[in-house]
Structures are given as structure tokens and as C-alpha cells.
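Below: the structure, in C-alpha cells.
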Amino acid sequence: MKKDLVIIGGGAAGLAAALSANHPDIHILVIEREKALGGILNQCIHNGFGLHVFKEELTGPEYASRYMDEFLKMNIEFLLDTTVVDVKKNDDFELTVSSFENGLFKINAKAVILSSGCYERTRGSIAIPGERPKGIMPAGSAQRYLNMDGYLVGKRIFILGSGDIGLIMARRMTLEGAKVLGVAEIMPYSNGLTRNIVQCLNDFDIPLYLSHTVTNVKGKDRLEQITIQEVDSQFNPIENTEKNFDVDTLLLSVGLVPDISLFDSLDFKRDAVTKSAVVNQFYETSVSGLFICGNALHVHDLADYVSVESEKAGKSAQKYILNSKEPSKQIHPIEFNSNIRYVVPQLIDFDQFKDSIDLSFRVSKKMDSAIFKIMQNGQVISTKRAKNLAPAEMEKINLKSVTLVDQSPISLILEEVIL
Amino acid sequence: MYDYVIIGSGIVGTNIARELSQYQVKILVLEKENDAANHQTVANSAIIHSGHDPKENTLKAKLCVEGNALYEQMEKELNIPLLRTGAFVVAHNKDEELMLDELYERAIRNGVKEILFHDQEQAFKLEPNLADDITKVLSLPSTKVTYPWEVAFACLENAILNGTEFKKNSEVTDIKKEKDYFKVEINHKVIIETKSVISAAGVFSDQVAYLLEKNVPYQIYPRKGEYFVLDRKAKGFVQHVLYPLPTSKGKGVLIIPQVHGNILLGPTSNRQDEKDLLSNTRDGLNQIKDDLHTLAKNIPFNLIIRTFAGIRASSSFDDFYIQESKTYSNFFHVAGIDSPGLTAAPAIAKYLVDHLLKHHNLQKKNNYDPIRPKKTVFYKLDFEEQLALIKKDPRYGNLVCKCEKITEAEIVEAIHGPLGNDTIKGIKKRARAGSGLCQGGYCEQTVLKIIARETNQPIDKINYYALDTPILVQETKVKP
């Protein structure tokens, strides 16, 4: 099977990328491992989606259906219940694909967009001490069981980590009659959106324990009790701050990691912070024709931003195919100071820089007031003031090509303003 | 009336069952858990040791060396995975090099055949990530690693094929000696009659023995070992099992490549009173990280996907305790089987049958079949073989566990196999679904539904592992 563009993953990112890449001369195939398009949006039945893209508040499935309707109208080819199991790159990409219905087969593609989303960090990766009974689960898995299958995974719940899924699940499980006893966050600030802290915890009197973590788990077969403790600035537990909670479930909302293992066999530049590929402004990796977008590139706080980013990746893939596969240019890294954790894209190709680029990034600490400066060749070429910055929220700044002084490196500087 | 009731289906009990199943005897294996191989067997270093470490002239030394050789035969007969890693014991200075010499001598006396030294240059050529201050290593080419619970499953499956019976969720609650047989009580309810009892009950073996005997000649002193598991992405970080020099506390904290590409870091070795408190501790995990710096550099701690702890059935007796009861003939203790228990297990079974059961005059079966058929590991096959299998069974086309590349057909096989299981962890132990980077975050819900479908159970009856541990506990008010 030969395709121009294969998009791996038919969720928020894949659908937006497919729509923007669509072109009469380009044969696109979207591969989705689930039984339906829409990805993780299908289990996000809460509202808060679409405020940026559609200027109205939608649920996850509603948001997904806007894209799906559009997608289905365009007659773009797609496969459900199908998994990409291997990938090779020579001149083109050779994907090995598998499904119950069609068995194992190969697809050749000129370009690939990887929009495979992310996975949840687990108990093991953060080494929570204690026993290993049933009842400890990533919040997203519990969300899926609840919203897709219609079952609660427990009745007395504690949540570790104040990531958005955990907060959303605190409210959701409460509404279903479970008792949520608290949320512990190891950082001194919340890792979720402010609106979720207010609407999911405060409105339901669920306590948030900042600078606390789970330090013990009890229960041989079934979870019986967890212990939380306050931590010092080095995240070491402080003695005599133990609090015990008798619970049957510990949900983990301790971070998401881009899921790009499928492409481990390809040698591309990686970003140690985002745990995904380094890309230029076209969302193209150092492997020509491989584009990455959405949560597979870096974890977003809002689905709307995933869509916006993925549309650009789709456009870039379209151009790449129509311009007979110009090799990826991986030049001019964007530098940044320590108040910023990462910036995406990490690289700029000045030769093809027209109009503007959205720089997406996260800050390293909470700041009430700050100023962003884009610098080039010792000059400040753009500034922006910002208030209430937090690592949980993705920031964006627009870099316009007209402001460039020359082709020397760009740096993004964030300075805290102490009032 | 059974001829033999074996208490415990860990690596020792299952090897004994297999060894005995070649004779014309009626055998029952009892297990108190909801699956075989659920204590020490599922939480250890997975090493088939060469035999350099046990004290000379002990059963541990003898059976370790014999067991190591027997694994080669088991690989052929039972199709168990073996990875021939070899091992290095490292020294950092002249004093430690002298200790390596002593270890060399001991290994020779224990009957280890292959053993040699590498100087610093050779050692680093073979293992570039060794800690920089290592000056010399003792190399043990016959050290290898296996997948311990698959070995236990394979032995038990093969024993079952040869007529052995297996009962899980069957805790022995009393043992009484009648004139020339035993009454074994299960779960305070059922009584089973047997001519002989073999207790291979691991950390619980002294408790089991006390059900019958007033004076048990050993006490179990549980010793906990904690570990980190690194993802398969760490494959190749080291090729050999790396040991520090042994101390009075044991073999120390090791780096151990695993058969599926993962790497284990551990174990600690700390006494505790509780026999089944399998908890990880902050101190234990920190100790692993601290201790390992003398073994290797560039350890990819960022690839940790799991922690676990196991309890060794160490005892007050300074060796394996494999003896017939002094008071009750035909009650056999197989106890105090801590390291190198996994290695020794097949030799323990032979020793028991050849020496202790000699007077039972066992007669071989004509139709004994030592072969356990090879399990399909789909992802290891080449493309053409995969195509052929999918043609036969399209469920091989449905990839369920993305991280470990496990298909629906392999999960179905794990459910319905000779030693099938219908729990999430039971399937993980058999088919590896959920053993990877996302630790089942993605595939657990699919596995759960496949189990429900294959066993005709509602999805909220599917257990995580033990009885009454359902993943799903209550339906929502409104169905989606």
C-alpha cells in the first residue's frame, strides 16, 4: 500500500492535522488504534473545550465531533482498530501495520505525522513506597472505566498529583457518589489549571495538600490505607507530618509523557525536557518528512492548543509532499533562560520563515508578574508582559518575521517582576 | 488417597511436582494463593548462579552448581527462556582483588567449571559502563538469567500433563498423622488424605510444619529484597550480571539484565518479622541507588518503570533444610530455600527424590512426557511467520499491549492454557501484557474485557489478582 501521508493517531491532533493537510493531490491515511476517532477526547465528558477555537464551551466528545464531522465530509481514508507496530525510513517511510480485520501489512508513505498523544506516568516511575495491592491506578485509566465503560474503580478515593485529569476525576467521582478524601501535590503550587482547582476541588470541599506526597501504601490484596507527608524544599518527607487516609483507591495524576516509543528505531534529535523530538517551526523532526504534533510533541494544557498546533503541522506536511520532499533544515536553536523549562519549536529555519511563529513554552516556577523578551543579536526585538504565570499552564508568544534583525540566534528571556 | 501432597507451588514445589510426575504416583499440589508462583518466585533476581558464592560443602553449593547445569536441559524440555549473560564480580583495589582470588578458589572447590579473571582493560572492553575505579573482575561465564515464574509455570504445566493435580486458593490449615497416612485440611473445610507430605511452603514453611510437629528444627527469618525495574529501552546498558564482592549480608546489590530486555537493580537484604509485607521502602530504594555506584556509571535511573520487593525464606539453619521429619516419617521439609534457590530448584527436586524418597521404590511411568510445548512469542517471529500465524488466527493481528507488543491471541492463550488464569496480574505473568513502559495504563482495560469475554463473566467480576479484588466496583448512575 502506498500513501502520501500517514497520520498516526486520530485524536485531537491527528484530526486537525488531517483537515489542514487535505489536498486533492495528496492521498492521506489516518490510522487509529481505538474503535472510534476522537482519541482521549471521547472520555473527557467534562466541559471546557473549544473556548479558543470555537469561542464556546464544549465537552470533549462535542469538541471531537466538530472535527470528525468535517473530517468525514472530506472523505479522508482512515483505519480503526489498527496499530502501527514498526517503522523504517529509507527514502520513504515503511510502516508495518496490524489489525484483527486486515492482519499484518506494510504501508509506504512519503511523510508521516505522529499524533499519538501521551501516556500517564505510573506508580513505578515515581517509586511510591509501600505494598502493591489492587486499587492504585492512573487517573486517566479510571476516567476511561468511568466514562466509557460506566464503572467506578473505587468508593473512597485519594488522588496523588494535581494534574488536570486528577482534578477532573475528583469532581467526577464525587458526582458519582464516591468520597474523595483529598489531593496531594508534591510541589508548593498546583499542577492543574486554576479553573479546575476552583471548580473541581474548592466547589466540593476537597482538600488540596500542597508540598505533600504519598509515602506509604498499605494493603496486601486490596488497598486499605495511604500515608501522606509534607515534604521539604528538596522533596524529602518531613518527620511527624504523617496523615493516614483509609481508602480503597489511589489515583495518580503525576504527569503525562509523549508516547513516541514506536519511533525509537529512528534516530532523531530529542529534547530531554519534553521527552519528545526536537522540531523546527514546521513541526518537522531531524528525520525529513516526520512531523510530530499534539501531546506526542509536548504535553498541552488545552485541547484547543493541540488543534492549532496540529493544523500547522498538517499544513507543513502538505507543503513537504507538494514540494517533493525538501529535506528538513534543523538550524538555529532557540535559546532560553532558566525561568523557562522548554520552548517548542526548538529550532528555526530562517530561510523559510515567513509571517510568524508561535513559540509554546512552560515556565519553571510560579510568578505573579513577569516580562518576556525576545532577543536577537543583543537587541530586544519583542516584549510581552504577563501575570500569574504557573508551570501548569502553557504559554505562547508570537515571533514575527518582520521583527528579525538578522539570522543570528533567537533567545527567549523571562524576567520576574517583583512588585 | 494421594501418594504425595506438595504444599506450595513456587519454583521449588513445581520442580518437585515435575520430578515426581515421571513416576507412577498420584500427586496433588496445593497453593494458598489465586495463582502458582506468587511469592519468592515472582520477586527475585532471576539469576541462575554459577555457584561461586555458597560456602563449601553445603547443600547450597552442591545443588547450585548442579541446578545451573540442569537449566540447560530444562531449556530444551520446557522451552523456558534463558539468557546466557555470564557474570562479573568486581574488585576496586588490591585488598578486594585478594578477595576475588579467594572467591575463585571457592568457586573451583564448589565445582564451578568455567571461571576466569579479566584485568581492567579487558573488563571495560566487555562492559564499558563499569564504575571507573574497578581494577579487576572475576568472570563467571555459566551465570545466566531466566524468567522465574515462567519456569515454575512450565514445570507445573508439564507435571499436570503427566497427571499431577493442582488446587489453588487452597491453604493448608491442619495436618494430622494417622497410622500410615496424613490428613491434610484445606481452608478449615476439606480433608485430603495422602501417604506423604512435602512442604515447600517458602516463608511459611515453619508455620506449615508447626501444624504437624511440636518441634520444628528451624525458624524462618524473612529477609526482604527490594528492586527497581528498568524499561526495555535500557537493554544493552550492561551485558553481564554485575556483582559486588559478597559480604556477610549476602551477594549485595546487583545489576541484572533480564530475558526480555529489562534490567533489574537490586536487591537489598533486610531482616523483617512479617512474612508477607512486600512493601518497598524509601530507605531500601535509596540504598540501591547509593550502592550501585561502586558497580557502574551512567545508570539510566530515568528508565525506572517499577519497584518491587520479595521476601527470602532465610532460616535459622545455615543451609537449605531438606530432610524428612525426625518424628513423623513421610513428612518432608524443603525449607530455608533462599538464594540460590531458583538456581538450585531442579537439583533440590532431584536430591529429594533420589535421596530422601529412595525407600519409596518409585517406578517410572512408561508414558512420561518431559516436553512442554513452546509458547508463541509473536513479536519475536519474523514477518513471514507472523503472517502465517495471523492467517490461522486473526487475533494475532490485534495488538493489545503496545509497549511489549502482545497480541490478543497470546492473551487468550494465557487465559485458557493448561495453567490458565483469569486475572489481570495472572495474564501479565503469563503473556507480559502490562509489563512495559505504561504498566498497563493503556492495555489493562482491553485485557479485562478479553478475560470477561473468554470466561463468560461480567466485567465487574474480573479480579486484579487475588479473589475478590475486582478492578470495577460499582456501575455508574447513568450508563454511557
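Could you please give the count of residues in the stretch A:57-107 that are at the interface with chain B (Cβ under 10 Å from one of its Cβ atoms), among the aromatic types (Phe, Trp, Tyr) and part of a strand (DSSP E or B)?
Looking only at that region, the number is 1.
Rundown of residues vs (1) within 11 Å of chain A (Cβ to nearest Cβ); (2) surrounded by fewer than 22 Cβ atoms within 10 Å (Cβ to Cβ); (3) at pLDDT 95 or above; (4) within 24 Å of B:Ala159 (Cβ to Cβ), yes/no style:
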site: B:Leu387; (1), (2), (3), (4): yes, yes, yes, no
site: B:Thr407; (1), (2), (3), (4): yes, no, yes, no
site: B:Ile415; (1), (2), (3), (4): no, yes, yes, yes
site: B:Lys428; (1), (2), (3), (4): no, no, yes, yes
site: B:Asp468; (1), (2), (3), (4): yes, yes, yes, no
site: B:Ile471; (1), (2), (3), (4): yes, no, yes, no
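Give the stretch B:119-144 a look and list any residue that's in a strand (DSSP E or B) and crowded, with 18+ Cβ neighbours inside 10 Å, or say none. Even if it seems obvious, please write down each step before you answer.
Within the stretch B:119-144, the subset in a strand (DSSP E or B) is B:119, B:130, B:136-140, B:144.
Selection gives B:Leu130, B:Lys136, B:Val137, B:Leu138, B:Ser139, B:Leu140, B:Lys144.
Do we find a residue being closer than 30 Å to A:Ala313 by Cα, not in a loop (DSSP other than H, G, I, E, B) and not assigned by TED's automatic domain parsing to the domain that holds A:Phe263 anywhere in the stretch A:168-180? Steps first, please.
Pass one, the stretch A:168-180, residues closer than 30 Å to A:Ala313 by Cα: A:168.
Keeping just the survivors that are not in a loop (DSSP other than H, G, I, E, B) gives A:168.
If we keep only those that are not assigned by TED's automatic domain parsing to the domain that holds A:Phe263 too, we end up with A:168.
Yes, that holds for at least one residue.
Taking the stretch A:143-165 on its own, how many of its residues are touching a Gly at 6+ places or on another chain (Cβ under 8 Å), within 14 Å of chain B (Cβ to nearest Cβ) and part of a helix (DSSP H, G or I)?
Total satisfying the criteria: 1.
How many of the residues making up the stretch B:48-70 are of a type in the set (Lys, Arg) and either assigned to a helix (DSSP H, G or I) or in the same structural domain as B:Tyr321 (by TED's automatic domain parsing) (or both)?
Taking the stretch B:48-70 first, the residues of a type in the set (Lys, Arg) are B:55, B:60, B:62.
Restricting the remaining residues to those that are either assigned to a helix (DSSP H, G or I) or in the same structural domain as B:Tyr321 (by TED's automatic domain parsing) (or both) gives B:60, B:62.
Summing the residues that are of a type in the set (Lys, Arg) and either assigned to a helix (DSSP H, G or I) or in the same structural domain as B:Tyr321 (by TED's automatic domain parsing) (or both) in the stretch B:48-70 gives 2.
Taking the conditions exactly as written (hydrophobic (A, V, I, L, M, F, W, C) and either in contact with a helix residue (DSSP H, G or I) (Cβ under 7 Å, 6 or more places away or on another chain) or within 29 Å of A:Lys134 (Cα to Cα) (or both)), does B:Val253 satisfy them or not?
On the way: hydrophobic (A, V, I, L, M, F, W, C): yes; either in contact with a helix residue (DSSP H, G or I) (Cβ under 7 Å, 6 or more places away or on another chain) or within 29 Å of A:Lys134 (Cα to Cα) (or both): yes.
Here the answer is yes, as B:Val253 does meet what is asked.
Can you tell which of B:His333, B:His355 is over 30 Å from B:Asn129 (Cβ atoms) and assigned to a strand (DSSP E or B)? Talk me through it step by step, then tell me what you get.
On the way: B:His355 fails: assigned to a strand (DSSP E or B).
Only one candidate qualifies: B:His333.
For residues that are closer than 30 Å to B:Glu157 by Cβ and in contact with a His (Cβ under 9 Å, 6 or more places away or on another chain), scanning just the stretch B:84-116, find the one that is surrounded by the most Cβ atoms within 10 Å (Cβ to Cβ). I'd like the intermediate steps shown before the answer.
Restricting attention to the stretch B:84-116, the residues satisfying the condition of being closer than 30 Å to B:Glu157 by Cβ are B:84-87.
Within this subset, residues satisfying the condition of being in contact with a His (Cβ under 9 Å, 6 or more places away or on another chain) are B:85-87.
Values: B:Thr85: 22, B:Gly86: 16, B:Ala87: 24.
Ranking the qualifying residues of the stretch B:84-116, first place goes to B:Ala87.
Restricted to the stretch B:91-118, and to residues that are of a type outside the set (A, V, I, L, M, F, W, C) and assigned to a loop (DSSP other than H, G, I, E, B), which residue is farthest from B:Gly10 (Cα to Cα)? Show your work before the answer.
Going through the stretch B:91-118, the residues of a type outside the set (A, V, I, L, M, F, W, C) turn out to be B:92-97, B:101-102, B:104-106, B:109-111, B:113-114, B:118.
Now narrow it down to the ones that are assigned to a loop (DSSP other than H, G, I, E, B): B:92-93, B:111, B:113-114.
Values: B:His92: 37, B:Asn93: 40, B:Gly111: 27, B:Lys113: 29, B:Glu114: 29 Å.
Taking the candidates together, the pick is B:Asn93.
Yes or no: the stretch B:230-247 includes at least one residue that is closer than 14 Å to B:Ser45 by Cα and within 14 Å of chain A (Cβ to nearest Cβ). First the steps, then the outcome.
We begin by selecting, within the stretch B:230-247, every residue closer than 14 Å to B:Ser45 by Cα; these are B:230, B:240-243.
Still in the running and within 14 Å of chain A (Cβ to nearest Cβ): B:230.
Yes, the conditions are met somewhere in the stretch B:230-247.
Considering only the stretch B:227-267, state which residues are under 20 Å from B:Ser139 (Cα atoms), in a loop (DSSP other than H, G, I, E, B) and over 20 Å from the mean Cα position of the chain (by Cα).
Taking the stretch B:227-267 as the starting set, the residues that turn out to be under 20 Å from B:Ser139 (Cα atoms) are B:236-247, B:250-259, B:263-266.
Add one more test, that the residue is in a loop (DSSP other than H, G, I, E, B), and what stays is B:236-240, B:244-246, B:251-253, B:258-259.
Passing the criteria: B:Gly236, B:Phe237, B:Val238, B:Gln239, B:Pro244, B:Leu245, B:Pro246.
Go through (1) surrounded by 22 or more Cβ atoms within 10 Å (Cβ to Cβ); (2) facing chain B (nearest Cβ under 8 Å); (3) among the polar types (S, T, N, Q) for A:Ser115 and report which single condition fails.
(2)
The values are calculated or read from the model by the stated rules, or taken from the named source; none is laboratory data. None of these values were measured; they are calculated from a predicted model. FYI the Cβ positions are ideal-geometry reconstructions off the backbone, even for glycines, and counts take in every protein chain you see.
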